[in-house]
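The values are calculated or read from the model by the stated rules, or taken from the named source; none is laboratory data. What you see is a predicted model; the values in this text were computed from it and never measured. Cβ atoms come from the backbone with ideal geometry, glycine included; neighbour counts cover every protein chain shown. Protein only, heavy atoms only, side chains kept; ligands, DNA and RNA dropped before computing areas. Shrake-Rupley method; radii C 1.70, N 1.55, O 1.52, S 1.80 Å.
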Amino acid sequence: MAALPAYLLLLLLILVILRPAAAPGAASQPPTSEPYLPPPLLAQKVQVWPKPTSISWPSAVYAPLSPSFSVRAVLSHPSLRQAVAFYTRLIRAERYAPLVPPANYTLSRVPVRTLTLSVSDPDVPLGPAVDESYTLSVLPDSGSADISAATPWGAIRGLETFSQLAWAGGGAASGGQPIVPSGIEISDRPHFTHRGILLDTARNFYPVRDILHTLRAMAFNKLNVFHWHITDAQSFPIVLPTVPNLANSGSYSPTMRYTENDVRHIVSFAASFGIRVIPEIDMPVYSRLSVARFGSGHTGSWAGAYPEIVTCANRFWAPHAEPALAAEPGTGQLNPLNPKTYRVAQDVLRDMVALFPDPYLHGGADEVNTACWEDDPVVRRFLAEGGTHDHLLELFINATRPFVAQELNRTVVYWEDVLLGPKVTVGPTILPRETTILQTWNDGPENTKRVVAAGYRAIVSSASYYYLDCGHGGWVGNDSRYDKQEKEREGTPLFNDPGGTGGSWCAPFKTWQRVYDYDILHGLTDDEAQLVLGGEVALWSEQSDETVLDARLWPRAAAAAETLWSGNKGSNGKKRYANATDRLNDWRHRMVERGIRAEPIQPLWCSLHPGMCNLSQ
C-alpha cells in the first residue's frame, strides 16, 4: 500500500485530536479535558435562583464531581451540621437535566472531590439582620471548591447555590457524575434581611409534614422567615401548656393540633436551613378584608375556653340590616375591659415565648370591628360614658405591649392598622419605635411610605402584590350575586364576569409577574428605605390546605424570593422580564424534580423554544 500524502496524515492527526467526548450512554471512559459538544441549543449560562449578586466565569469549563465528593467543615454549630448533611446527600444524588441544556463547553479532567466551608464566626445566633453573605469558588483543575461566609447562615446559602450549580451533563465523559462550573467565582448577599412567607394555619389546618416540606422549599429559594399565623377566629390549633383548653376547645379536632413537640421540631428544622419562625397570635383582634370592607376581630376561637373575655362570639357574622360583626364567618374579639383578658393573654404570650426563640413576636392587632365590641353591654356603657374605640384599643396595647417588650424581651410586630386605621388606631406615643415593627398590607407603596415616614421599621406584605390567595373567587354560601345574568348598568361588569371580583376582595389573581414586578421601596427616600426590613408573601387559607399548598405558593413565592434577594433589575437598570421567565421556567422544573409541586408558568413548548413565547422580541 502506498504511503499516504503528508497533508492526509496531518488531517487525520487533527481529527484524532479534536474527536468529541463519548455521548451519554456510550462505553465508560476516563474523564478527559477534550471538548464535550452537545447540540448547540443555547448559549452557555449559569442557572441559580435567586440570581446571585455577582458571578464571574471566564470560560465555559465544567468539572465532574467525584463519586466520593464530600463537604469539609468544622461543624460546631448544630444547624450547620444538619445543613451540611442535607446538602451533601442532595448534591450527590441529584441528577438534574435542564429543559434546554447548556452547550459548547469543555469538560475538565480533574473532578471536584471536596467543598470546604470556612465560617468566620460559627456562633452567631439566627436572628434579624444576621449576615447571610458568602463567596463561592470552584478552583480550576484543583479538585476543590470553597465557600467562605461570616456566619453559618451565609454558609447555608452558599450550599444551596452550589447545589444548583450541579447538573447532569458530560455523559460518559463525566462518569455519570454531576458537573459544576470550573473557575467560577460568586460573591453574594441579600438586598433585604427579611424575606418570608406567611402561612395561615387557623382557617384550614396544615399537618406538620407539610410545614416542614414548605420550609425545605423556602430554603431552596433562600427565604429566611416563616411567619406562622397560627390562630384566628376559626381555630386555635396550638397546645399551650399553661392554657391547654384554648386548643382543647378551639381546635378543629384532636388530630388538628400542634403540640409542644411539633412546634420545637418545626423551629429546629427551620433553623437547620437558616429560617426564623415568627409566631403570630391575634390579640385583641385580627382582620383581613376577605368578603367586604368591614373590620373584624378574629379571636372567636378563644371563646370555647374563655367565653367571658370574648365579645360577639359565635354570632352570625352578617346580620340582616345591622352592621357586620366580622369580615368573614367566625366572630369574636377580646374584651379590653375585662381584667381576666389580660391574665389569659399574658399566659398565652409567656407560653409562646417559651416555644419560639425568635426575638420577634407578632401581636396581630389588625382592624377592629366596632360593632363586635359594642355587642357587649359593659363596652356599650363605657362608650356611653365618653370612652372611645381608640381608647379600648389603647387599653389593650398598653397592657400587653410593655409585657412583651420588657418582661419577655421581644420586639412586637403589629399589622399597620394599629397606627393607620382606618377605624380604630392608637397614637405613636403608645408604640415606641425601638421595640415596634409594623407590617403593611393595604394600599401598596402608600402605606409603606406612611409607616416609615412615621419612623417605624416596616415589613411589606402589600395585598395588591403579595397576597397569594387572591383571585380564587368567593367562598361564602347562599350568595345571590352569582345568579345575575344581566348588567345593572353599562360599564359595570357582572360580579362573576371578566372584570368582576367573583367574590375575591383582592382580585385578580396575583401572577408571578405581578409579584416579581413589585418594588417594595417605591417612592421612598434613602433614609426611609433603610427602615424597610424586607417583605413577606402571604397565603391566607380560606380556600387552601395541604392538598394545594405547593401550587398556591410556588413558583410565585420564588419570584418574591429573587426580588428580595437580588432585585428584579439587570445591570442596565431595566427589569429583566424575559430573562426571569426563562430562568423561572427552568427553576420551576428543578423544584418539581426536588418534590415541590410548583405550578407551570408556561406551556413546555415555550421552555424548549427560548424567546418564542415573548410578547415582543
**OP:** Could you tell me whether I278 is at pLDDT 95 or above, under 33 Å from the mean Cα position of the chain (by Cα) and part of a strand (DSSP E or B)?
**Re:** yes
Original post:
Taking segment 559-576, which residues are in a helix (DSSP H, G or I) and not small (G, A, S)?
Top reply: E562, T563, L564, W565
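For the structure I just gave you, tell me whether F69 is in the same structural domain as S182 (by the TED database) and either closer than 28 Å to Y577 by Cβ or open to solvent by less than 10 Å² (accessible area, probe 1.4 Å) (or both).
Working: in the same structural domain as S182 (by the TED database): yes; either closer than 28 Å to Y577 by Cβ or open to solvent by less than 10 Å² (accessible area, probe 1.4 Å) (or both): yes.
When the stated conditions are applied, F69 passes them.
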**OP:** Scan segment 475-494 and report the pairs whose first residue is under 18 Å from A327 (Cα atoms) and whose second residue is assigned to a loop (DSSP other than H, G, I, E, B) and aromatic (F, W, Y), with Cβ atoms within less than 7 Å and a gap of 6+ or a chain change.
**Re:** R481/F495
Original post:
Are there any pairs with C-beta distances below 8 angstrom linking a residue in segment 403-422 that is charged (D, E, K, R) and open to solvent by 30 Å² or more (accessible area, probe 1.4 Å) to a residue that is at pLDDT 95 or above and in a loop (DSSP other than H, G, I, E, B), with the two at least 6 apart or on different chains, and if so which?
Top reply: R410/P359
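Out of all the residues in segment 78-94, which are out of contact with any strand residue (DSSP E or B) (no Cβ under 8 Å at 6 or more places or on another chain) and open to solvent by 10 Å² or more (accessible area, probe 1.4 Å)? Explain how you work it out, then say what you get.
Step one: of segment 78-94, the residues out of contact with any strand residue (DSSP E or B) (no Cβ under 8 Å at 6 or more places or on another chain) are 78-79, 81-83, 85-86, 89-90, 93-94.
Within segment 78-94, P78, S79, R81, Q82, A85, F86, R89, L90, A93, E94 qualify.
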Subject >> Close pairs (8 angstrom Cβ cut-off, 6 or more residues apart or separate chains): within 9 Å of E185 (Cβ to Cβ) in segment 48-59, outside any loop (DSSP other than H, G, I, E, B) and among the hydrophobic types (A, V, I, L, M, F, W, C) anywhere >> reply: S54/I186; I55/I186; S56/I186
Original post:
So which of S137, S142, S163 is of a type in the set (G, A, S), outside the structural domain of G535 (by the TED database) and under 24 Å from the mean Cα position of the chain (by Cα)?
Top reply: S163
**OP:** Please specify each residue of segment 577-615 satisfying the condition of being in a loop (DSSP other than H, G, I, E, B) and under 18 Å from N221 (Cα atoms).
**Re:** R594, G595, I596, R597, A598, E599, P600, I601
Subject >> Only one of A60, A73, A83 that is in contact with a helix residue (DSSP H, G or I) (Cβ under 7 Å, 6 or more places away or on another chain) and under 19 Å from G143 (Cα atoms) >> reply: A73
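In the list D483, D497, D527, which residue meets the criterion of being out of contact with any Ser or Thr (no Cβ under 7 Å at 6 or more places or on another chain) and modelled with pLDDT of 95 or more? If you could, list the steps in order and put the result at the bottom.
Values: D483 fails: modelled with pLDDT of 95 or more; D497 fails: modelled with pLDDT of 95 or more.
None of the other options fit; the residue is D527.
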Original post:
Got at least one residue in segment 568-577 being small (G, A, S), within 27 Å of L521 (Cα to Cα) and in contact (Cβ under 8 Å) with a residue 12 or more places away in the chain?
Top reply: no
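Can R489 be described as among the basic types (K, R), surrounded by 13 or more Cβ atoms within 10 Å (Cβ to Cβ) and either over 34 Å from the mean Cα position of the chain (by Cα) or not in a helix (DSSP H, G or I) (or both)?
Details: among the basic types (K, R): yes; surrounded by 13 or more Cβ atoms within 10 Å (Cβ to Cβ): no; either over 34 Å from the mean Cα position of the chain (by Cα) or not in a helix (DSSP H, G or I) (or both): yes.
No.
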Original post:
Of the residues that sit in segment 450-478 and are touching a helix residue (DSSP H, G or I) at 6+ places or on another chain (Cβ under 6 Å) and either under 12 Å from Q439 (Cβ atoms) or in the same structural domain as P128 (by the TED database) (or both), which one is surrounded by the fewest Cβ atoms within 10 Å (Cβ to Cβ)?
Top reply: Y456
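Residue by residue, here is whether (1) among the β-branched types (V, I, T); (2) modelled with pLDDT under 95 holds:
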| position | (1), (2) |
| --- | --- |
| A321 | no, yes |
| A326 | no, yes |
| Q333 | no, yes |
| M352 | no, no |
| Y360 | no, no |
| E385 | no, no |
| T400 | yes, no |
| D417 | no, yes |
**OP:** Would you mention how many residues in segment 133-169 are basic (K, R) and at pLDDT below 95?
**Re:** 0
**OP:** Looking for whichever is out of contact with any Leu (no Cβ under 7 Å at 6 or more places or on another chain), among the charged types (D, E, K, R) and open to solvent by less than 30 Å² (accessible area, probe 1.4 Å) here; the options are D347, D366. Which one fits?
**Re:** D366
